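Right, one structure below, let's go through it.
The values are calculated or read from the model by the stated rules, or taken from the named source; none is laboratory data. None of these values were measured; they are calculated from a predicted model. Positions of Cβ are backbone-derived with ideal geometry, glycine not excepted, and every protein chain shown enters the neighbour counts. Each accessible area value is taken on the protein alone, full model and side chains, heavy atoms only, with ligands, DNA and RNA left out. Shrake-Rupley method; radii C 1.70, N 1.55, O 1.52, S 1.80 Å.
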Amino acid sequence: MFLYPMNCGMNTLGLFCVRTFALVGRRTAQSLHSFPGITVAQIDEEVAKLLELKAKIGGDEGKQQFVLKTAKGTRDYNPKQMAIREKVFNTIINCFKRHGAETIDTPVFELKETLTGKYGEDSKLIYDLKDQGGELLSLRYDLTVPFARYLAMNKITNIKRYHIAKVYRRDNPAMTRGRYREFYQCDFDIAGQYDPMIPDAECLKIVHEILSELDLGDFRIKVNDRRILDGMFAVCGVPDDKFRTICSTVDKLDKMPWEEVRKEMVDEKGLSEEAADQIGEYVSMQGGKDLAERLLQDPKMSQSKQACAGLTDIKLLFGYLELFQVTDKVVFDLSLARGLDYYTGVIYEAILTQAGVVPVCNEAQNGSPSEESVSVGSVAGGGRYDGLVGMFDPKGRKVPCVGVSIGIERVFSIMEQKAEASAEKVRTTEVQVMVASAQKNLLEEKLKLITELWNAGIKAEVMYKKNPKLLSQLQHCEESGIPLVAILGEQELKDGVVKLRVVATREEADISRADLIAEIRRRTSEA
């Protein structure tokens, strides 16, 4: 049997000892006839122990090797990207606040049972966590189900809220299209008993405002109603137990052509060819209030009370949308399904239509998009979910809800692309003024001045050098986009002034120390 080298430390010598004994062990195993009484199993056991010791000691360099990458479906954001992202968030939050919303937050994970059975076929995309404390948990899939749980738990029956937070989906990521496994959602919801379609119309108005203000290009908002879909399935001969699974297939029409959707319905879902063809006739229809009126007279659709209720509400919705001045972007589209199980009424989805942003369905049909374009699919979606809160309430009390979610990652993909194409520089800080010196040995005076500015709420910066060159300080301002430089020199200190320089024009003016803060505020507010 082999003895462990007791004098080998956790260093190169130790590794040498381990390797040597392991090598001797292997060679001895090959020449067992020279060592009677020692078995191959015994030698293998000792070699395994030595190799395990080697693994504990570390690799050849004594360093652990890391794979430097982000997890699949996630990404890092550099300062430039974060500046763009912050601008988008501010636009969205300002819109939500303009419409009277207050904000909440919920945990990043929920009890698994809270999320189970709420997302239809998409439930397979939920991230489950290992049991670490007696509870089975899952990462939140969206912000809507946690919101419904929050309402039921706190017995809230009326609220207009927004929530911006990360959600997680065990999806196959398509990062060029802004689809990730970890991503932000920006949700706006109205909960409460109100007259029909007024809150629903406001949600669509909000989508219109945000997409217009972000200047992403032309877009359209598709609208449908879950009751119209269910009524359509019924009159087309879809069995009741297949409504949800057929709905999930129809929801794929934005990603693949009708022929493939029909094939999935018939071959995989077991729907009759006749029923699939009838569905195909309806889902090709698009229009506005006129289409809703026409379908109310349709011999088949008029037989369904559900469909008629949905069509009547669509007519009412378009009336409010006309008052909100957004009907130019809204289309009643019977192909819109949205596969989530919790929708009960109006559903909607916004997609970009301008050149350079290719909808997902076009990509599937025409090949990959060019390097100059980003295929993003929908950038917002939502609908009415009147039954979700009741699922969590012990007494089954329902709270009618309607909401919308902005697909921030997809929006961000487009904004990032636009920033790359633009010559305009993206500022990654908000520094208003750089405190600089024209001569040596003025560090203390600069620190005194910058303290005055910070205490007054001015965003200011100073170089971390005792005697930096003035040129390098000015170059830093140009590179960082800092608009003003407050320059100190011996003469300025004697005169009680600061030389304030405008970086863009190189114009300079002596400003008294007492007036400096007001002058910086005036100049930066004008900019």
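A compact table of results
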item: Exposure rank, largest accessible area first [346, 331; 1.4 Å]; result: 331, 346
item: About the Cα centre, charge dipole magnitude for the chain (Lys/Arg +1, Asp/Glu -1 at Cβ), debye; result: 1580 debye
item: Cut-off 10 Å between beta-carbons: net charge of the residues surrounding residue 233, Lys and Arg +1, Asp and Glu -1; result: 0
item: Euclidean distance between Cα centres, the range 444-492 to the range 116-141, Å; result: 52 Å
item: Rounded accessible area of residue 454 (nearest 10 Å², 1.4 Å probe); result: 130 Å²
item: Helix runs (DSSP H) in the chain reaching 30 Å along axis by Cα, Kyte-Doolittle at least 0.5; result: none
item: Dimensionless Rg/Rh of the range 65-123 - Kirkwood Rh, Rg from C-alpha atoms; result: 1.11
item: Dipole of the range 239-294, positive direction: furthest Cα of 266, 287, 245, with charges on the beta-carbon; result: 287
item: Global form of the range 153-265, assessed from the alpha-carbon gyration tensor, a/c cut-off 1.5; result: oblate
item: Charge dipole (the chain, unit charges on Cβ, about Cα centre) - positive-most of 463, 193, 342; result: 463
item: Sequence-separation-based contact order of the chain, relative, with Cα cut under 8 Å and 6+ spacing, percent; result: 13 percent
item: Carbon and sulfur %, accessible surface of the chain computed with the full protein complex present, 1.4 Å; result: 51 percent
item: Nearest-10 value in Å² for the accessible area of residue 412, using the 1.4 Å probe; result: 0 Å²
item: FRET efficiency estimate (nearest 0.05) - Cβ-Cβ, residue 419 to residue 155, R0 60 angstrom; result: 0.85
item: Label of the coordinate-derived value, percent of Cα pairs over 38 Å apart, listed as (i) 50; (ii) 33; (iii) 28; result: (i)
item: Residue-level accessible surface for residue 236, protein heavy atoms, 1.4 Å, Å²; result: 10 Å²
item: Solvent-free Debye scattering, log10 I(q)/I(0), computed from the Cα coordinates of the range 405-527 at q = 0.10, 0.12, 0.13 Å⁻¹; result: -0.37, -0.50, -0.56
item: Extension gain, residue 258 back to residue 323 (0.36 nm per residue minus Cα-Cα distance, nm); result: 19.9 nm
item: Base-10 log of normalised Debye intensity for the range 415-465 (one unit scatterer per alpha-carbon) at q = 0.20 Å⁻¹; result: -0.72
item: Accessible area of the chain divided out per residue, in Å², using a probe of 1.4 angstrom; result: 52 Å²
item: Relative contact order %, the range 150-270, counting alpha carbon pairs below 8 Å whose residues are six or more apart; result: 16 percent
item: Cut-off 18 Å, label 7 Å out along Cα→Cβ of residue 514, residues of the range 430-462 by amide N; result: 452-453
